Amino acid sequence: MLRKFFSHFSHNIAIDLGTANSLVYVQGKGIVINEPSVVALNQKTGQILAIGEEAKRMVGRTPAYITATRPLVDGVVSDFEVTEQMLKYFIEKVQRKKFILGPRPRVIVGVPYGVTEVEKKAVRDATKNAGAGAVFLIEEPMAAAIGARLAVQEAGGNFIVDIGGGTTEVAVISMGGVVIAKSIRVAGDKLNQDIIQFAQEEYKLLIGERGAEEVKIMIGSASPLREKREHPLRGRNLVTGLPEEILVTDEDIRRAVGKSIKQIVMAVKTTVEETPPELLADIMVKGIYLAGGGSLLKRLDSLIQEEIKIPTKIIEDPMTAMVRGAGVVLENIGELHEVLAKTEELEPPR
């Protein structure tokens, strides 16, 4: 009776702790937070000045002693204390109306497939220290597959490719478990770096990450578009030291990101080659599903379909698939506990 009473004052939550963006799903409410995984830090005092959207606006626009940093690299914790503060910010933001004596929230956090036990412990400890009660981890491809509404608990092959900011996760899922998977540290952020490097080498132009991401979104593609597209790049000429604006084409950006795109396609191809024949037969009928913000690169689905010879489709609202899947597990934790990574024991369903 007491547990039921307190449950009205505690919000159990699922968190997609991404390299680029973090999303928070609250039980019974859905996605309530979608903010950049950025923390602005005063290096002189160690004080955190801003987190999320406000911190991202500071990138490249602050004095030298104020740094806007991402506490996660390739989907794993690189700065424990800053990650803890970011998690605390998210948890407190959804718990503000919580009854003062209520229990701490149960939290599910997504982690890349194949992370080490040390990396899992870092996420678990940071989440606990940030104010969570029980902490459970779910591998990102599993969560994305559930978010894509694939029948992950049935005896059939489900193929998911989750392209985030730091990692690309490729997995075949059946009977509530990952049968085979690959995780490569080539994803959205790497494409941005490719464009930055291309601008320096081809045009001697120094551009920022925001500019690179903008041109990637506007005209970036994995294979040729029907019509030629152009977009301005603004930065500093490395020879003259003066500001400069140039026009780049979709073909330029394809050349810039081409090598990284090939690595993503190769990860998919290798996973297909290693998939058991029975499951591959299912996948040939169901197709390959793309999730994550990186899947929105124009014609990436077409390129994968052309190279792998299996129908490929982008799921609905791919950027929120992982947190939506974790949210489904949160809402049905008794029935879906087997899909969680083995960390803490679940309480018996009540």
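Quick notes on this one:
- Some residue of the range 59-80 being more than 29 Å from Ile146 (Cβ to Cβ), of a type in the set (Lys, Arg) and modelled with pLDDT under 80: yes
- Meets criteria (in contact with a Gly (Cβ under 6 Å, 6 or more places away or on another chain), assigned by TED's automatic domain parsing to the domain that holds Val329, modelled with pLDDT of 85 or more and farther than 29 Å from Ala171 by Cα) for Ile91: yes
- Checking Glu251, Glu227, Glu245 one by one, the residue that is acidic (Asp, Glu) and in a loop (DSSP other than H, G, I, E, B) is Glu227 and no other.
- Residue selected from the range 104-129 under the condition aliphatic (A, V, I, L, M) and buried (at least 21 other Cβ atoms within 10 Å of the Cβ), by the criterion modelled with the lowest pLDDT: Val115
- In the range 154-165, the residues that are within 10 Å of Gly287 (Cα to Cα) form Cβ pairs under 7 Å with partners that are of a type in the set (D, E, K, R), at six or more places apart or across chains, as follows: Gly157/Asp282; Asn158/Lys286.
- The requirement of being among the hydroxyl-bearing types (Ser, Thr, Tyr) and either at pLDDT 95 or above or part of a helix (DSSP H, G or I) (or both) is fulfilled somewhere in the range 203-219, by at least one residue.
- Among the residues of the range 170-198, those that are without any contact (Cβ under 8 Å) to a residue 60 or more places away in the chain and surrounded by 24 or more Cβ atoms within 10 Å (Cβ to Cβ) comprise Ile173, Asn192.
- Residues of the range 63-78 that turn out to be free of Cβ contacts under 8 Å to residues at least 60 places away in the same chain, in a loop (DSSP other than H, G, I, E, B) and over 12 Å from Val38 (Cβ atoms), as a count: 4
- Taking the criterion of being part of a helix (DSSP H, G or I) and touching a Phe, Trp or Tyr at 6+ places or on another chain (Cβ under 7 Å), the residues of the range 117-140 that qualify are Ala122, Ala126, Glu140.
- Qualifying residue in the range 155-163 (condition: over 18 Å from the mean Cα position of the chain (by Cα), more than 27 Å from Gly30 (Cβ to Cβ) and assigned to a helix (DSSP H, G or I)): no
- Residues of the range 290-318 that turn out to be assigned to a helix (DSSP H, G or I) and of a type in the set (Asp, Glu), as a count: 3
- Scanning the range 230-242 for residues that are touching a Gly at 6+ places or on another chain (Cβ under 8 Å) and either surrounded by fewer than 15 Cβ atoms within 10 Å (Cβ to Cβ) or assigned to a helix (DSSP H, G or I) (or both) yields one hit, Arg234.
The values are calculated or read from the model by the stated rules, or taken from the named source; none is laboratory data. Quantities reported herein were computed from a predicted structural model and do not represent experimental measurements. Here the Cβ is made from the backbone with ideal geometry for all residues, glycine too, and neighbour counts use every protein chain on show.
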